[in-house]
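I have placed the structure first, in the form of structure tokens, so that the comments after it can refer back to it.
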Amino acid sequence: MLNVKGIRNKTGEIIKGLEELKQDITILTETKKKGNGVEILTPYLHIYSGVPKEKRAKRGVSILVKKGYKRYIMTWEAVNENMIKLHMNLFGKKLCILGIYAISDDKNDVVKDDFFWELN
């Protein structure tokens with residue numbers, strides 16, 4: 001998992017680092033990306049969950065998956081700007097990958113309760 005503090009203008013650097021580390025699947029947090037979707041960041045699929053497009057992007061979480069694994073992806077869900085879920089059937093094994101960007105401990109109790117309720 002990598003906290004990227006904004007993905008815009010950093011994709012080349014991120015991809016290069018992941019290639020050097022030989023990472024096939026990676027979670028990125030604090031992407032500050034708006035909306036939800038899938039895009040190609042060669043050689044990865046970038047599956048992302050962010051804030052609605054009309055809001056200021058402060059959070060965001062995403063999963064980078066090597067394009068060769070695309071055929072193993074069954075479903076994905078952008079839960080909210082803190083959570084994303086990816087279901088894969090990888091080599092006959094069902095796998096659920098969760099990307100979680102936790103809220104800070106200084107948030108008020110209502111915000112924390114909402115976060116953990118959604119996580120459960």
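Identify all residues within the stretch 1-58 that are closer than 12 Å to GLU81 by Cα and among the charged types (D, E, K, R); write none if there are none. Within the stretch 1-58, GLU30, LYS32, LYS33, LYS34, LYS53, LYS55, ARG56, LYS58 meet the criteria.
So GLN23 ticks every box in (1) in contact (Cβ under 8 Å) with a residue 40 or more places away in the chain; (2) crowded, with 18+ Cβ neighbours inside 10 Å; (3) closer than 16 Å to ASN3 by Cβ but one. Which box is left unticked? Unmet condition: (2). Can you spot a residue in the stretch 32-39 that is in contact (Cβ under 8 Å) with a residue 60 or more places away in the chain and farther than 22 Å from GLU118 by Cβ? No, every residue in the stretch 32-39 fails to be in contact (Cβ under 8 Å) with a residue 60 or more places away in the chain and farther than 22 Å from GLU118 by Cβ. Residue count for the stretch 66-88, restricted to those that are over 26 Å from PHE116 (Cα atoms) and in contact with a Phe, Trp or Tyr (Cβ under 9 Å, 6 or more places away or on another chain): 3. Output the residues belonging to the stretch 41-87 that are at pLDDT 95 or above, within 19 Å of ASN9 (Cβ to Cβ) and not hydroxyl-bearing (Ser, Thr, Tyr). Correct list: HIS46, VAL61, LEU64. Within the stretch 94-107, the set of residues being of a type outside the set (Gly, Ala, Ser), at pLDDT below 95 and either loosely packed, with under 14 Cβ neighbours inside 10 Å or out of contact with any strand residue (DSSP E or B) (no Cβ under 6 Å at 6 or more places or on another chain) (or both) comprises ILE103, ASP105, ASP106, LYS107. Any residue that is of a type in the set (Ser, Thr, Tyr) and without any contact (Cβ under 8 Å) to a residue 24 or more places away in the chain - is there at least one of those in the stretch 50-66? Within the stretch 50-66, none of the residues are of a type in the set (Ser, Thr, Tyr) and without any contact (Cβ under 8 Å) to a residue 24 or more places away in the chain.
Taking the criterion of being free of Cβ contacts under 8 Å to residues at least 12 places away in the same chain and in a strand (DSSP E or B), the only residue of the stretch 96-108 that qualifies is CYS96.
The values are calculated or read from the model by the stated rules, or taken from the named source; none is laboratory data. What you are looking at is a predicted structure, and each value in this text was computed from that prediction instead of being measured. A quick note on method: Cβ atoms are made from the backbone with ideal geometry, for glycine too, and the neighbour counts reach across all protein chains shown.
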